[in-house]
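The values are calculated or read from the model by the stated rules, or taken from the named source; none is laboratory data. Owing to the predicted nature of the structure, the values given are computational and were not obtained by experimental measurement. Neighbour counts run over all protein chains shown; Cβ positions are idealised from the backbone, glycine included.
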Amino acid sequence: MSETTAPRSDTGARTVAIDAEQLAGKRFDYQSDMSLVEGIDLLAATPGDDINWLEDIELLEEDGVPAVFDRYSNSFIKIYFDIPEGRENEMARKVLVKHLMEGNSYGIILKDVHCKYEQVDLGPWVGEPRTVGTDWKPPVLEGWEPPAAH
């Protein structure tokens, strides 16, 4: 889309990125309070004792605010607490893991309705996740009928 045809929100402002707060309609406490993520053990929360997947997670910036990217929902989780120097990536990783463990990632939330194949909802970073995708049915639009030729 060109700059002139980019989608606009209800306020008329052009939206170029979506963050986790917009998707959820709220800010999560751990975005503003480092003490809520400080105790997360990244090794313990990592599936199969393989921390390699976390190496790709780095502190970024979105709208001038420190943020970490949640690839499950293709959105940024902004971080509003002061991050100690030298711990930038660690804090980004802890915020992301907390977000995933709490089930707050919009991509995870959508699994309840749209997951076609059996899988865990929160992923292997939680002890006993629920299973979703066991009874998927295609969505039906009320009043819609398939063409007669099909």
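Against the conditions (1) part of a strand (DSSP E or B); (2) closer than 22 Å to ARG130 by Cα, where does ILE108 fall short? Just the number, please.
Status for ILE108: all satisfied but (1).
Report every pair of residues separated by at least 6 positions or lying on different chains whose Cβ atoms are under 6 Å apart, first residue within the stretch 81-110 and within 15 Å of GLU38 (Cα to Cα) and in contact (Cβ under 8 Å) with a residue 24 or more places away in the chain, second in a helix (DSSP H, G or I) and of a type in the set (Gly, Ala, Ser).
From residues that are within 15 Å of GLU38 (Cα to Cα) and in contact (Cβ under 8 Å) with a residue 24 or more places away in the chain, there are no pairs.
From the list PHE76, PHE81, which residue is within 19 Å of TRP53 (Cα to Cα) and either in contact with a helix residue (DSSP H, G or I) (Cβ under 9 Å, 6 or more places away or on another chain) or loosely packed, with under 12 Cβ neighbours inside 10 Å (or both)?
Among PHE76, PHE81, only PHE76 is within 19 Å of TRP53 (Cα to Cα) and either in contact with a helix residue (DSSP H, G or I) (Cβ under 9 Å, 6 or more places away or on another chain) or loosely packed, with under 12 Cβ neighbours inside 10 Å (or both).
Can you tell me which of (1) within 16 Å of the chain's Cα centre (by Cα); (2) touching a residue at least 40 places away in the same chain (Cβ under 8 Å) is the one ASP33 doesn't meet?
Looking at each condition in turn, ASP33 falls short on (1).
Go through VAL113, VAL97 for me and flag whichever is in a helix (DSSP H, G or I), among the hydrophobic types (A, V, I, L, M, F, W, C) and exposed (fewer than 12 other Cβ atoms within 10 Å of the Cβ).
Unique residue meeting the criteria: VAL113.
Within the stretch 52-65, does at least one residue satisfy the condition of being within 17 Å of PRO129 (Cβ to Cβ), surrounded by fewer than 19 Cβ atoms within 10 Å (Cβ to Cβ) and over 10 Å from the mean Cα position of the chain (by Cα)?
Checked against the condition, which is being within 17 Å of PRO129 (Cβ to Cβ), surrounded by fewer than 19 Cβ atoms within 10 Å (Cβ to Cβ) and over 10 Å from the mean Cα position of the chain (by Cα), the stretch 52-65 yields at least one hit.
Picking from VAL126, VAL140, which residue would you name as being in contact with a helix residue (DSSP H, G or I) (Cβ under 9 Å, 6 or more places away or on another chain), of a type in the set (Val, Ile, Thr), in a loop (DSSP other than H, G, I, E, B) and at pLDDT below 90?
Every option except VAL126 fails the conditions.
Restrict the check to the stretch 95-118 and report whether at least one residue is at pLDDT 95 or above and within 13 Å of the chain's Cα centre (by Cα).
Yes: one or more hits.
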